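The values are calculated or read from the model by the stated rules, or taken from the named source; none is laboratory data. Just so it is clear, the model here is predicted, and its values are computed rather than measured. Cβ coordinates were reconstructed from backbone atoms using ideal geometry, including for glycine residues, and neighbour counts include every protein chain displayed. Quick note on the areas: whole protein, heavy atoms, side chains included, nothing else; ligands and nucleic acids left out. Shrake-Rupley method; radii C 1.70, N 1.55, O 1.52, S 1.80 Å.
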Amino acid sequence: MITRKILITGGAGFIGSHLIHLFVKKYPQYHIVNLDKLTYAGNLENLKEIEGKPNYDFIKGDIQDEAFVQQLFKEHNFDAVIHLAAESHVDRSIANPHEFIFTNIVGTVNLLNAARAIWEGNMEDRLFYHVSTDEVYGSLEMEDEPFKETTAYDPRSPYSASKAGSDHLVRAYFHTFGLPIVVSNCSNNYGPYQFPEKLLPLFINNIKNSRPLPVYGKGENVRDWLYVEDHATAIDMIFHKGTLGETYNVGGNNEWQNIKLIRKLCEIMDRKLGREEGASAQLITFVKDRAGHDLRYAIDASKIRNELGWEPSIKFDEGFERTVDWYLENEEWLKRVTTGDYQKYYEQQYLNR
Ligand code: NAD
Ligand code: DAU
């Protein structure tokens, strides 16, 4: 019997697809509705395995479209929302900030208003869960303490500023309208199904094809890496056990300077591809730095560990090998994503064209 109808936005993206796999399989009692616009970052092929499951539906739609979002909530009367849909790539936000404002801020407000409209007068057992990023806290110096939930916001790219705006709005709806919300801010995710514009899948693909590896600046920037399935289990835990109105930082306690991570990747790729030691590292090319490039992100995840008992379960060496293997074994996926063929999947499977 279905006990809850949950809207997951952005479910055809990288993290969203892992979350949908987890929820559809683990909770047959939940009806999961995946709302996604299928931008360049949305790929329904990530969800092939669960297509046709009785507790899963996909709806193509744009959270920027206020009337559509209102109508959708009226029709489905969702009990909860897990909101991941976003423009997510910093470089694209530098090239075209507008789309980030429309989706990440206006889209989030549309969802908040629609949830408020159907839950008004009965907020019991309802939840609006907003999935956000550690980038809202800004940039750390090497000697600084990691970001805590109480760290002041200091976003420095159009992407992080738009996510910060959405976080503030979600909390404002809690205080002003009593909307039951929870927010999480996570560090860099890695793993299967990530669009090859982001560092790791881009570099894996480039090494495979013996193309240059464009390292921004001196490669001295530091990121805190978390295996994507661990992020999905953190979202699961926060969704079920998190305290309303609270924020939880999620991270891997796993900081890597870019250049060290890239050299590690090169070594693994040499081994996996049977290339001479040092061959892949020769592809490293230092290029102009990203504008406003944040030096370091690091998460203090003690709150979620102490209050909810969550910890990453996948060791970095294991997750990293698994990730490299996945991209090497799923050559067809990578080819379809890089040629654009994946964008025909929706029409072929859902519209029978
Ligand atoms: P992604 O870019 O891979 O996926 C985003 C998804 O949202 C895509 O499927 C896209 O089609 C959809 N989408 C975009 N605009 C939409 C719109 N207007 N209406 C409906 N759907 C739309 O992103 P991701 O890396 O999976 O990130 C998911 C969420 O997690 C984002 O909110 C991001 O800010 C956050 N986050 C990401 C990371 C990371 O390392 N990737 C870390 C922390 C937080
Ligand atoms: O911290 C969480 C964030 O992590 C998420 O909110 C974002 O959605 C996600 O894209 C990611 O942001 P980053 O900017 O850290 O990820 P990206 O993969 O773009 O870059 C990782 C680091 O590698 C960063 O310091 C920039 C650098 N880089 C990236 C690319 C794509 C390069 O040196 N060369 C590249 O070609």
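For this structure, a couple of remarks:
- Once both labels are positioned 7 Å from their Cα atoms along Cα-to-Cβ, the gap between Glu347 and Glu331 label points is 2.8 nm.
- Its residue count N sets the reference 2.2 N^0.38 Å, and the alpha-carbon radius of gyration of segment 239-353 equals 1.48 times that reference.
- Cα-projected label distance for Leu273 with Lys288, points at 7 Å along beta-carbon direction, nm: 2.7
- Largest mean-square fluctuation among Asp57, Asp134, Asp224, in a Gaussian network model of the chain whose springs join Cα atoms under 10 Å apart, belongs to Asp57.
- Each principal axis of the Cα cloud of segment 1-64 was evaluated for its coordinate range; sorted largest first, these ranges are 35, 24, 18 Å.
- Under a 5 Å amide H cut-off, with hydrogens placed 1.01 Å from N, Ala85 pairs with Thr9, Gly10 among residues at least 5 apart or on other chains.
- Scattering from the chain was approximated by placing one identical point on each alpha carbon and applying the Debye formula without solvent; log10 I(q)/I(0) at 0.09, 0.10, 0.12, 0.16 1/Å stands at -0.48, -0.60, -0.88, -1.59.
- Long-range amide H partners of Val250 with built H, under 5 Å: Asn185, Cys186, Ser187
- Sites Lys60 and Asn209 - FRET efficiency at Förster radius 30 Å, r taken between beta-carbons, to 0.05: 0.40
- Taking amide H atoms as placed 1.01 Å from N in the peptide plane, the amide H of Asn34 lies under 5 Å from those of Ile8, Asp57, Phe58, Ile59, each 5 or more residues away in sequence or on another chain.
- When the chymotrypsin sites (Phe, Trp or Tyr not before Pro) in segment 32-70 are filtered for DSSP coil states and for at most 12 other beta-carbon atoms within 10 Å of their beta-carbon, no site remains.
- Averaging Cα coordinates gives a centre for segment 1-42 and one for segment 111-164; these two points are 20 Å apart.
- Unit charges on C-beta of K, R, D, E only; dipole of segment 185-250, Debye: 340
- Share of carbon and sulfur in the accessible heavy-atom surface of the chain [1.4 Å probe, %]: 48
- For segment 97-211, the fraction of C-alpha pairs farther apart than 18 angstrom is 61 percent.
- Annotation for segment 308-353 versus segment 55-102: alpha-carbon center distance of 21 Å.
- Couplings 3J(HN,Hα) of segment 228-245, computed from phi: 4, 5, 5, 5, 4, 6, 5, 5, 4, 5, 5, 4, 8, 10, x, 8, 4, x Hz, in residue order, whole Hz [Karplus 6.51 cos²θ - 1.76 cosθ + 1.60, θ = phi - 60°; x for Gly and Pro].
- Backbone HN-Hα couplings from phi across segment 317-322 [Karplus 6.51/-1.76/1.60, Hz, Gly and Pro as x]: 4, 5, x, 5, 4, 4
- Using only alpha-carbon positions in segment 1-125, the gyration tensor eigenvalues give semi-axes of 23, 20, 11 Å once each is multiplied by 5 and square-rooted (largest first).
- Here the contact order of the chain, divided by its residue count and restricted to Cα pairs under 8 Å and six or more residues apart, works out to 17 percent.
- Partner lysines for Lys272 [C-alpha distance under 17 Å; skip if fewer than 8 residues away on the same chain]: Lys208, Lys264
- Alpha-carbon centroid distance for the pair segment 184-251 / segment 265-286, whole angstrom: 22
- Most mobile of Asp154, Asp300, Asp341 in a GNM of the chain (Cα contacts under 10 Å): Asp341
- Using θ = phi - 60° and Karplus 6.51 cos²θ - 1.76 cosθ + 1.60, couplings along segment 38-50 (whole Hz; Gly, Pro as x): 6, 5, 3, 8, x, 9, 5, 5, 5, 10, 3, 4, 10
- Residues of segment 224-268 with an amide N closer than 18 Å to a point placed 7 Å from the Cα of His175 along the Cα-to-Cβ direction: 244-248.
- Excluding ligands, DNA and RNA, the accessible surface per residue across segment 152-295 is 40 Å² with a 1.4 Å probe.
- In the chain, the longest principal axis of the Cα atoms and the axis of helix 199-208 are about 40 degrees apart.
- C-alpha long axis of helix 14-26 to longest principal axis of the chain, angle in °: 60
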